[in-house]
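Reviewing the structure listed below.
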Amino acid sequence: MAGQHKNPWKTLSEKKIYENPWISLTESQVINPGGGTGIYGKVHFKNLAIGVVVLDEEYNTWLVGQYRYVPDQYSWEIPEGGGKLETDPLDSAKRELLEETGISAASWVEIQRMHLSNSVSDELAIIYLAQNLSFGDSDPEETEELSILKLPFKNAYKMVIDGEITDSMSVAAILKVKLLNIVP
């Protein structure tokens, strides 16, 4: 369906404003769909956003808690992180889950692809469901001070409904699992 629509925007010029190992910021001079001129900023992500909903046989799930620098608040989330564009996203999901929680899974299903903020960024998120679990030790990155919470999936769903989970990937992933009727 998306291929049926022609791009009404015209780019006149582009200038890279900022770059680091994870993102770049480009400012474009544009002609908008109404014919007016203006500027548009684009945040390009150099990695995929990867998320994992974990479910055991009793329909428990695991959340990761951490203080997030940008919103300046503590956040409960599904295990998630970045995956290099040239790496199989499933391999990145397996690495992130093991790194953050110490959990490995024998069963993986991709349940969601989404753009996280498509008005300013090209960041693509891929979310998996992981089941048939085995447990080991976590090994978080130095930038992560994590708490791990095991809870019934229905409690995580309630946290989304009550606004306690606000991370967009986590909200979408938990709602998707609920909508798919994976959990009774």
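We did not get these values from a lab; they are worked out from the coordinates using the rules stated. Worth saying up front: this structure is predicted, and the values here are computed from it rather than measured. Neighbour counts are summed over all protein chains in view; Cβ atoms, including those assigned to glycine, are modelled from backbone coordinates with ideal geometry.
Dipole check for segment 2-45: with +1 at the C-beta of Lys and Arg, -1 at the C-beta of Asp and Glu, and the Cα centre as origin, the magnitude is about 140 Debye. With unit charges on the beta carbons (Lys and Arg positive, Asp and Glu negative) and the dipole taken about the Cα centre of the chain, which residue among TYR67, LEU180, ASN118 sits farthest to the positive side? Farthest towards the positive pole: ASN118.
Sort out for me the Cα centre separation of segment 95-112 from segment 114-149, rounded to whole Å. A separation of 9 Å, based on Cα centres. Which residue fluctuates the most in the chain, going by a Gaussian network model with Cα springs under 10 Å, if the choices are THR166, THR61, THR11? In the Gaussian network model the winner is THR11.
Of all the options VAL120, VAL64, VAL52, the one that moves most in a Gaussian network model of the chain with Cα springs shorter than 10 angstrom is VAL120. For the chain, modelled as a GNM with alpha-carbon contacts under 10 angstrom, which of PRO140, PRO89, PRO71 fluctuates the most? Taking springs between Cα atoms under 10 Å, the residue moving most is PRO71. Number of Lys-Lys pairs in the chain with C-alpha atoms under 23 Å apart and a separation of 8 or more places or on different chains: 21. Placing +1 on the Cβ of every Lys and Arg and -1 on the Cβ of every Asp and Glu, with nothing else charged, gives the chain a dipole about its Cα centre of roughly 1040 debye. Rounded if a/c is under 1.5, else prolate if a/b is larger than b/c, else oblate: which is segment 2-45, with a ≥ b ≥ c the root eigenvalues of its Cα gyration tensor? Note, shape of segment 2-45 comes out oblate.
Exposure here means at most 16 other Cβ atoms within 10 Å; with GluC sites (Glu not before Pro) in a DSSP loop as sites, the longest stretch of the chain lacking them is 1-56. In plain terms, if you count all Cα to Cα distances in segment 47-179 and split them into 5 Å steps from zero, the share in each step is 2, 11, 21, 26, 23, 12, 4, 1 percent. For an R0 of 41 angstrom, estimate the FRET efficiency from the Cβ-Cβ distance between GLN4 and ASP91 and round to the nearest 0.05. The calculated FRET efficiency here is 0.75. In the chain the longest region clear of chymotrypsin sites (Phe, Trp or Tyr not before Pro) that are loop-assigned by DSSP and have at most 16 other C-beta atoms within 10 Å covers 70-184. Estimated purely from DSSP H runs of n ≥ 4, each contributing -39500 (n - 2.57), the mean residue ellipticity at 222 nm for the chain is -5500 deg cm²/dmol once divided by its residues. A straight chain from SER121 to LEU180 at 0.36 nm per residue would run longer than the Cα-Cα distance by 18.4 nm. Computed from Cα atoms alone, the Kirkwood hydrodynamic radius reported for segment 20-97 is 15.7 Å.
A Förster radius of 22 Å, combined with the Cβ-Cβ distance separating TYR74 from GLU99, puts the computed FRET efficiency at roughly 0.65.
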